[in-house]
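Enquirer: Structure incoming, see below.
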Amino acid sequence: MRSKPYRWVVASSLVAATLFSTTVFAGGMDGSKNIVCAVVDVVGCTETGTCAEGTARSFDLPQFLIMDAGKKAIRADYEAGHKDVSSPVKNMEISGEHLILQGVENGRGWNLAINTKSGTMSGSGVGDAVSFLLFGSCTSI
């Protein structure tokens, strides 16, 4: 991980997320079916303005996010099989071509925006002194 100017990091992550997500079909992602998202790129920033980019694993974040439509909850899942606790979805709505999910967990807020046509996903997790931007791809299961 290398620190980089914030705008360059975000722009390069958006480009990478778009390139990696073009093969995902996103049919049925209106929130009525379960959805799995693979986190491809992560940008982490501290309150001092220092940002770094990497993978979910390099930041010790889950590689997969699974939305349980029936329970209205997001479950974090790791490639190694470790499963994290579920976080309830406090708000879920369709806005244009995006499914927007929002929640709160352990004093931190999180948001996910999933394009219902392409499956591209961007999200954020914010808390004291550090925030994360997530980019990836989703599909309904």
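Enquirer: Given the conditions (1) farther than 29 Å from THR48 by Cα; (2) over 12 Å from the mean Cα position of the chain (by Cα); (3) surrounded by fewer than 19 Cβ atoms within 10 Å (Cβ to Cβ); (4) not polar (S, T, N, Q), report the number of the one that ILE66 does not fulfil.
Expert: (2)
For (1) modelled with pLDDT under 95; (2) aliphatic (A, V, I, L, M); (3) surrounded by 19 or more Cβ atoms within 10 Å (Cβ to Cβ); (4) not in a strand (DSSP E or B), each residue gets a yes or a no:
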position: ASP30; (1), (2), (3), (4): yes, no, no, yes
position: VAL43; (1), (2), (3), (4): no, yes, yes, no
position: GLY81; (1), (2), (3), (4): yes, no, no, yes
position: ASP84; (1), (2), (3), (4): yes, no, no, no
position: ASN111; (1), (2), (3), (4): no, no, no, no
position: LYS117; (1), (2), (3), (4): yes, no, no, yes
position: GLY123; (1), (2), (3), (4): no, no, yes, no
position: LEU133; (1), (2), (3), (4): no, yes, yes, no
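Enquirer: Moving on. Can you find, within the range 87-109, the residue that is surrounded by the fewest Cβ atoms within 10 Å (Cβ to Cβ) among those that are of a type outside the set (Val, Ile, Thr) and within 11 Å of ILE74 (Cβ to Cβ)?
Expert: PRO88
Enquirer: If you don't mind, there's one more thing I want to ask. I need every pair where a residue in the range 84-109 that is touching a residue at least 40 places away in the same chain (Cβ under 8 Å) has its Cβ under 7 Å from the Cβ of a residue that is outside any strand (DSSP E or B) and of a type in the set (Lys, Arg), sequence separation at least 6 or different chains.
Expert: Taking only residues 6 or more apart or on different chains, the pairs are MET92/LYS72.
Enquirer: Which one is farthest from GLY123 (Cα to Cα), of the residues in the range 86-109 that are in contact with a strand residue (DSSP E or B) (Cβ under 6 Å, 6 or more places away or on another chain) and small (Gly, Ala, Ser)?
Expert: SER86
The values are calculated or read from the model by the stated rules, or taken from the named source; none is laboratory data. All of these numbers come straight from a predicted model, not from anything done at the bench. Quick reminder, even Gly has a Cβ in these numbers, built from the backbone with ideal geometry, and neighbours come from all protein chains shown.
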